[in-house]
1. Please list, in chain and number order, the residues 5+ apart from residue 76 or on another chain whose amide H is under 5 Å from its amide H, with Hs placed from the backbone.
2. Would you grab the residues whose amide H sits under 5 Å from the one on residue 42? Only those 5+ places off in sequence or on another chain, please, with H modelled 1.01 Å from N.
3. Given labels modelled 7 Å from the Cα in the Cβ direction, how far is it in nm from residue 138 to residue 95?
4. Roughly what % antiparallel, to the nearest 5, for the DSSP beta bridges in segment 1-106?
5. Return the carbon/sulfur percentage of the accessible area of the chain, one whole number, probe 1.4 Å, all protein chains in place.
6. Placing +1 at every Lys and Arg Cβ and -1 at every Asp and Glu Cβ, with all other atoms neutral, what dipole size does the chain have around its Cα centre, in debye to the nearest 20?
7. Sort segment 6-91 into rounded, prolate or oblate with this rule: let a ≥ b ≥ c be the square roots of the eigenvalues of the Cα gyration tensor; rounded if a/c is under 1.5, and if a/c is not under 1.5, prolate when a/b is larger than b/c, oblate otherwise.
8. Report, in whole Å, the centroid distance computed from the Cα atoms of segment 174-193 and segment 1-54.
Amino acid sequence: MAEPHIILYDLKLFQTSGLPWSPHTCKTRYALNYKGIPYKTVWLTFPEVHTEIPKITKSDAPPTVPVIVDVLHDNKVVQDSWEIAKYLDETYPDTPKLFNNDIGAQMFLYNYCTKKPLFPIFRLVLPAMLERSGDMRDWFVTTRETFFKTSIDNIIGDSDEQKKALTELLEPIGAILKEYPYLNGEQIAWADIMLAAYLNFFYTLQPDMFDTFVLKDDKAGKEFSEWWGRMEKYMKLEPPSPST
Ligand SMILES: N[C@@H](CCC(=O)N[C@@H](CS)C(=O)NCC(=O)O)C(=O)O
């Protein structure tokens with residue numbers, strides 16, 4: 001395997017390493033896969049994100065992953081999936097582009113998906129995260145309740161409402177996929193990678209709901225399903241080999 005150019009700090013789902021699940025870190029993983037840039041993953045637990053990330057970023061920005069360290073470029077540290085995407089396009093210009101003179105439109109899609117469909121997905125997967133949280137359950141519940149300023153039950157809310165909200169919020173995205181193979185038209189771009197990462201979060205933690213409320217949804221299920229099939233080769237633990 002090629003020597004890693006990049007170290008990617010990713011989040012373990014509690015005790016599980018090697019399962020790409022986090023909606024934010026998967027954006028960077030899939031971007032690296034799409035670009036074919038060799039990388040190595042360092043898996044951190046939730047508490048380790050809080051202790052280790054400030055030592056790497058040496059900043060007082062909130063400790064979150066993804067963070068990358070670019071070994072080929074003076075160990076440059078970049079935090080935040082959007083900043084990382086822009087950095088990778090600039091620093092690795094010979095790899096497939098995530099942005100094609102369309103950064104404003106892609107930023108809109110990114111903000112829409114992050115502020116709208118990602119939230120009901122998060123609420124629908126939260127019970128599955130709690131089930132897997134083992135001895136980190138109390139830490140996880142307390143930090144989420146502090147962040148949202150309400151109880152974990154209120155955050156989860158009514159799952160029927162979340163499912164309805166999700167299918168409605170995905171409808172405008174499905175409308176694009178009815179016309180074009182990718183959100184950006186004929187070619188993959190950042191927006192596709194971002195949406196694949198958000199939907200993978202749902203798929204990994206609630207596979208049956210993902211099937212029913214995304215792939216088999218009446219409004220755009222067929223189109224989501226075909227698009228998901230096209231994206232799958234980038235949604236792996238490592239870059240696809242050049243022949244695939
Ligand atoms: N806008 C940031 C969001 C990063 C983010 O929220 N990451 C989560 C992982 S999914 C995190 O590190 N959370 C730490 C915690 O919740 O304690 C990005 O896209 O990179």
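The values are calculated or read from the model by the stated rules, or taken from the named source; none is laboratory data. Quick caveat, the model's predicted, so the values are computed rather than measured. Cβ sites come from the backbone with ideal geometry, for glycine too, and all protein chains shown count toward neighbours. Surface accessibility is based on the protein's heavy atoms, side chains included, excluding ligands, DNA and RNA. Shrake-Rupley method; radii C 1.70, N 1.55, O 1.52, S 1.80 Å.
1. HN-HN under 5 Å from residue 76: 70.
2. Here the answer is 8, 9, 10, since their amide H atoms fall under 5 Å of that of residue 42.
3. 4.2 nm
4. About 60 percent, rounded to the nearest 5.
5. Its accessible area is 53 percent carbon and sulfur atoms.
6. Details: 26 positive and 34 negative charges, 27 e Å.
The calculation lands at about 120 debye.
7. Since a/c reaches 1.5 but b/c is at least a/b, the shape of segment 6-91 is classed as oblate.
8. 25 Å
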